[in-house]
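Values quoted throughout were computed directly from the atomic coordinates according to the rules given, and no laboratory measurement underlies them. Just so you know, these numbers come straight off a predicted model, no measurement behind them. Don't worry about glycine lacking a Cβ; one is built from the backbone with ideal geometry, like all the others, and counts go over all protein chains shown.
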Amino acid sequence: MQSWSHLPAAAAYIRGVQHSDYPEQPVDGVVRHEIGNRTYVVADVDPLDLDGTWTVAVGTGLFLLAFLGLLPFHGRLEAAGRGWWQWTCLAGFALGVIGWEYCRRRRNHREAREKL
């Protein structure tokens, strides 16, 4: 048997946990793929965000917030050679607006197609 004396107490505790300590999980809608010596489990769940509109909107807002947050420090950032941070945030916001519009159009197109 392997000696665990060199590991911290938390790792030694984990060593004692067995698979039988966990309750049996439901298997409805679960697909197992065995590739080589690995087993991949894929559950049948719906994605949280089907069209990505909300995700892109939040990311775009965060880029704008970061740009506005860095605005008072423009002089310091330029002096430290980090002025590109601010412009990266602005570019992220601009590309986010384009991506947000793309996602909105795609979502609206899908909804219109489903109504037919």
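If we sort 32-44, 92-104, 63-75 on the protection proxy, mean other Cβ atoms within 10 Å, highest first, what's the order?
Top of the packing list down: 92-104, 63-75, 32-44.
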request  = Determine the relative contact order of region 53-115: mean sequence separation of Cα pairs under 8 Å and six or more apart, normalised by residue count, in whole percent.
outcome  = 49
inquiry  = How large is the Kirkwood hydrodynamic radius of region 53-115, counting all unique pairs of alpha carbons, in Å?
reply    = 13.0
